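Take a look at the structure set out below.
The values are calculated or read from the model by the stated rules, or taken from the named source; none is laboratory data. Computed from a prediction, not measured in an experiment: that's the story for all the values here. Because the Cβ atoms are built from the backbone with ideal geometry, glycine has one as well, and the counts that use them run over all protein chains shown. The accessibility values were calculated without ligands, DNA or RNA, using every heavy atom of the protein model including side chains. Shrake-Rupley method; radii C 1.70, N 1.55, O 1.52, S 1.80 Å.
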Amino acid sequence: QLRRYYEGSIHKVCEGLQLKAAIEDIAVSYFKRFYLGWSVMDHDPARLAAACVYLACKIEDRYIGAEELARMVGQDARHILGGELALLDGLKFDL
């Protein structure tokens, strides 16, 4: 399954950045919750997985810049930031 592959990629990114297990758990949870209501055809799971890690780090007060994370996962920082907004909207967060 495509979603399982990207859940594994979240694990690899968190491991590579030496993040706490709680951050990884939050990121995977957000990823799964998002795709309960959306299809992988609607939103790119690679971008969303990176956005989940980015948001989980912010929530757990372990801020990592979008540029640093983008270098780690081989994406553009703008895609991570855009994915963060899509993630927040998909999870129905109220800001």
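In table form, for the structure just shown:
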{"item": "From the options Tyr30, Tyr5, Tyr63, residue that is in contact (Cβ under 8 Å) with a residue 60 or more places away in the chain and not β-branched (Val, Ile, Thr)", "result": "Tyr30"}
{"item": "Extreme residue, surrounded by the most Cβ atoms within 10 Å (Cβ to Cβ), among residues of the range 75-95 that are in contact (Cβ under 8 Å) with a residue 24 or more places away in the chain and not in a helix (DSSP H, G or I)", "result": "Gln75"}
{"item": "Single unsatisfied condition, Tyr63 versus (1) assigned to a helix (DSSP H, G or I); (2) in contact with a helix residue (DSSP H, G or I) (Cβ under 8 Å, 6 or more places away or on another chain)", "result": "(1)"}
{"item": "Residue list for the range 1-50, restricted to those being open to solvent by 70 Å² or more (accessible area, probe 1.4 Å), in a loop (DSSP other than H, G, I, E, B) and closer than 17 Å to Gln75 by Cβ", "result": "Asp44"}
{"item": "Selection from the range 56-74 of residues that are open to solvent by less than 40 Å² (accessible area, probe 1.4 Å) and within 18 Å of Glu15 (Cβ to Cβ)", "result": "Ala56, Cys57, Ile64, Leu69, Ala70"}
{"item": "Selection from the range 1-39 of residues that are over 16 Å from Glu60 (Cβ atoms) and more than 14 Å from the chain's Cα centre (by Cα)", "result": "Gln1, Leu2, Gly16, Leu36, Gly37, Trp38, Ser39"}
